[in-house]
Every structure is written in C-alpha cells, then in structure tokens.
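The values are calculated or read from the model by the stated rules, or taken from the named source; none is laboratory data. The shown structure was predicted, so the numbers you read here are calculated from the model rather than taken from an experiment. Glycine gets a Cβ as well: all are built from the backbone with ideal geometry, and neighbour counts include every protein chain shown. Just so you know, the surface numbers come from the protein's heavy atoms only, side chains and all, with ligands and any DNA or RNA stripped out. Shrake-Rupley method; radii C 1.70, N 1.55, O 1.52, S 1.80 Å.
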Amino acid sequence: GGLALFLFGMGEMSDALKKSAGNRMRIILSRLTGNRFIGLFVGFFVTVVMQSSSATTVMLVGFVHSGLMTFAQSFGIILGSNIGSTVTAQLIAFNITDYALPVVALGFAISMFSRRERLRGIGKILLGFGLLFYGMALMSDAMSPLRTYPEFINLLKTLDNPYTAILAGFIFTALIQSSGAFSGIVIILAQQQLISPEAGIALIIGSNIGTTSTAWLATANASREAIRVAVAHTIFNVSGVLIFMFWIPQFSEIVKLTSADPARQIANAHTFFNLAMALLYLPFTNILSRLILRMVKNKTKRNEHLVTKFINKHSLHTPEPAIDLAIAEIGRTLKILSRMLEAVIIPFIQKNIPKDKYHPELDLIQGLDMREEEIDFLETEITDFIIELSRKSLDEKRMIEIFGLLSVINDIESTADIIHKDMIPMIAQKQAMNTDFSDEGKAEIISYHEKMMKQLSRLRDTFEFKDSVKAVNVLVKSEGYDNLEHVYMHRHFTRIHHEQSQTIYTHRLHSDLFDALKRISMYLENIAKTVAQTSPFK
C-alpha cells in the first residue's frame, strides 16, 4: 500500500508539473539550445521542473525533426536531463515524512477550492508531493520488521555483489519505468539499514540503464530521429555504467565524505555519476553525432511510405510534447501535398510527361497516386492521435488549439482530393486534345499555380518554424490572389470573345483547371485562418 501511494503521488506530481509548465518548457527548449553547455543547463532545468526525463526526450525528437536544433545539439539536453532526473532522489533523501499529511491536506484544499487554474495546478503538485512522502513513511514502517527476517536479509545480501545490484537496478527500473521511483525505494532500504551504501550506489547506477527503456518504447513505429535519440541515451548511460562498475567501492568511499546519512550518500552518488558522464561526453558531441548518424541511417525503401514519422501511441503519455509531434507530422503532410501540387501541373504545360521527380522509378501519375495514399493514411493517423490527445488532462485553451489542428489536417486531405479526383482526370483530357492552351492562357495557368505553390510554402514555414504570423501572411496574399483569378478569367473570356481558336477549343479544360486551383486556394486560406485564430504554437 505504501508503494502504491508512493508511485501514485509521484505520478500525480509529475502530471501536474507537466500540465502547469509543459508549454513554457517547450518554448525554453526550442529557444535556448544553440550552445551545448546551455543545452546541458536547459535539459537539467526542464527535467527538474517536469520531473520526467522521458518527456524532455520526446520534446527533443520534435525539435530535431523540425530543424529547430541539430541532432548534435540535442546531446547536451540529454546529458542535462540525466542530471535533472537525480533531483528527485535528492528531495526524497530529505526524509520529511513527518510533514507528509499536512502537505497532502494543503495541496487538496488548494486544488479543490481555488478558482484560478494556476493555483489548482500548484495544489495538485503539493498533493502529489505529500502522497509521495506519506507512501515513503508507510513503506519505511512496513520494512522495519524485515531487518530481523533472515530470508529477506539473505536475499538483500546478494546485492553486495555490485554486478548483481546493477542488474537488479536495471531490471526493476525498466519494469516500473521511473528512475525517480526506484531511487526512492533504494533510499528507503538504505534508511532502514537493509542495504549497504555500496549496494545502494550499484542499484542506482543500474537504474541509469533501466531508464533508457522508456526511450526505446517510444521508438515503436517512430522516426529515425527518435531512434537516434534513444541510441544516444543508451550509449551515454551504458558506457557510464561500464566505466563506474569496476570501482564502486572507491566511488562509495568518496561519496561518504559528502554526508554521514546513507540516504544522502546514495542521492549524491546518483548526481555525481550523471554529472561526471555529462562532463566526460560533452566535448565529444559532434564526434558521437556523426557515429550515431552512421549507425542509424535514413530509410529509403518506397514501400515504407505509409508510416508516421513523428507520432506514436507512446508519446501520448506526455501531452505537451505530443502536441509538438502532431504539429511536426502535419508539417510533413504539407510537404507531401506541396510535391503533389508541384507535379500535377506539369502535363498541362509541357507535352512530354517526365518521371516522378523524387522517385524516378515511378511515372508522374504513380507518384501522385502514392502521395495521395500517403496523405489519406496520415490524415487518419493524425486525427486518431489528436482525438486520443484530447482525452488527456489539457486546459481549455490547449483543447481549442489541438482541435484547430484537426481542422487543418482535414483541409490538407481535402486539398489532396482535389488534385487526385479532379485534376488528375483532366490530364487525360489534355493528352486527348490536338491543340495546346494559348500562350497567354498557359502563362496565366503557370502564374496562378506558382502563387498557390508560394502559399503552400508559407504554410510549410508556418509549421516548420511554429510561427502563426506566417499564416497571417497567407491570408494577406489570399485576397490578392482571389482578385488575380478574376483578372485571369476575364482575360480568358475576352480571348473567347475575339474568337481565338485555341482558347475556344480548350475553354472547358482551362475553366475546370482554374476552378480546381481556386478551390485549393480556399482550403489553403482556411488552414491559415485556423492557425491564425487558434495559435497552436504558443
């Protein structure tokens, strides 16, 4: 029961911290990571505030994807998050269990009776913090009689072997998916004098390998960047354990100089270990980056195109970073749509239809079909992901923002349908004709199509740089492009009036093509309007 309260309290405190500070932490991470040493501090700070190194890692994946930081720059944050994860052990080592129930009462009162959302969040943090220490008190009382239970003592004696203790720390942390929770359990064992400081240090060091399992679980059906982050995390932690495991007794003697309290000694060992690893690896981040990029190369097989690159079900556990990943996936979908629109106009302006620009093994129509299939797939996956995300604990403002993203992905899919269902059939009509558009008509088609490509480019920048102002630029340009469409169609009908044969012969196709481009313009305007109104990047 004590363990249940301890884990529940830690989960509640972590969730409340992520909800209260998650969006601000995203902004800090995205803006203050240009220098590896600054990245180390930022990774430490964000993980301390959010009480989750895995949440920090999930946010990293989105930033590397979007180009806000390089893979090498993410190393400093990973190392900093490892140090930040040790703060939980430092807090637990204070052993303020006598004040646990008053903290629970205070946190409950604030969360129940406060009208301000921020104060309610603080109340939930205090409630979780109090439950954590009350669970510790119950566990400590329950474990006290075990000091005279021979079977249990004999079991714990096996942990005097540092290799056995490291293995136990790895397995247990991987099972409970929280190095902070495991640190608390080890500290309680030390406080009850059930394990030696050496055994506690070995257990804590082993937990550093176990915590990498969270990153690996998040890579299921994930992008290559997510896998690279998991590989980097694993290399740092496993190699660190291999370095320290051979001199744990000597390390223990050094740590004993910092405090007479065994619990504090274990907490300090955890901090010193991760701090030493950060100082060791930080100068070599560029070399390690190149090594991992060679180990985990980009996928190139075309039959793997129906996959999500950023979102997966595991990232739903951290809602704020998950929003970033959904934004990145939508940005990727816009890139695919841009390639569709770029290709579909080619058969209307030149006689020889080339191969697909990005997949030369496909003809142009096959490339368009492939991308339409991909956008349909992504629309379904992103929609399901956002709906699941909406069931998480998010405030009303964030709910409005993520439902705005639902509208955006629906408009992207509708735009792709115009290209696939309306414009592709027009290609056959154009090829069946014995004549071409007039020079003036072709120039107008090319011009208007270029305007739509620029609009799409602005929207891609909107999602890549998470800048709602760029969406406003789309709206400003949209009005002028609507007027331009009227000008071009007026010129077209003027040419019909003057009985230009090419214009008369191609009139229906010319009008249908402009109508399709105009509807695309409307959908792009809708996307920009949704982004400008909901501001999902703040």
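Somewhere in the range 315-328, is a residue outside any helix (DSSP H, G or I), over 23 Å from I409 (Cβ atoms) and open to solvent by less than 30 Å² (accessible area, probe 1.4 Å)? Within the range 315-328, not a single residue is outside any helix (DSSP H, G or I), over 23 Å from I409 (Cβ atoms) and open to solvent by less than 30 Å² (accessible area, probe 1.4 Å).
Can you tell me how many residues within the range 423-442 are surrounded by fewer than 16 Cβ atoms within 10 Å (Cβ to Cβ) and closer than 25 Å to D369 by Cα? Residues meeting the conditions: 6. In summary, I445 fulfils each of the numbered conditions (1) in contact (Cβ under 8 Å) with a residue 12 or more places away in the chain; (2) open to solvent by 40 Å² or more (accessible area, probe 1.4 Å); (3) among the hydrophobic types (A, V, I, L, M, F, W, C) with the single exception of condition (2). Of K430, K392, K466, all but one fail to be among the basic types (K, R) and part of a helix (DSSP H, G or I); the exception is K430. Considering the range 224-281, the residues that are among the polar types (S, T, N, Q), out of contact with any Phe, Trp or Tyr (no Cβ under 8 Å at 6 or more places or on another chain) and in a helix (DSSP H, G or I) include one that is nearest to I311 (Cα to Cα), namely N237.
Between I83, I77, I28, I110, which is of a type in the set (V, I, T), part of a helix (DSSP H, G or I), modelled with pLDDT of 80 or more and open to solvent by 30 Å² or more (accessible area, probe 1.4 Å)? One residue alone meets the criteria, I110.
Exactly one residue out of T47, T56, T88 is crowded, with 21+ Cβ neighbours inside 10 Å, at pLDDT below 75 and of a type in the set (S, T, N, Q), and it is T56. Checking each residue in the range 489-506 for being open to solvent by less than 70 Å² (accessible area, probe 1.4 Å) and either β-branched (V, I, T) or under 22 Å from A343 (Cα atoms) (or both) picks out T494, I496, T503, T506. Identify, please: which residue in the range 445-491 is over 16 Å from K335 (Cα atoms) and hydroxyl-bearing (S, T, Y) and is, among those, farthest from the chain's Cα centre (by Cα)? The residue in question is Y488.
Condition check for I205 on (1) of a type in the set (A, V, I, L, M, F, W, C); (2) farther than 23 Å from L378 by Cα; (3) at pLDDT below 85: one failure, at (3).
Would you mind finding the one in I187, I166 that is more than 30 Å from the chain's Cα centre (by Cα), modelled with pLDDT of 80 or more, under 20 Å from T47 (Cβ atoms) and of a type outside the set (G, A, S)? Just a single option satisfies the conditions, and that option is I187.
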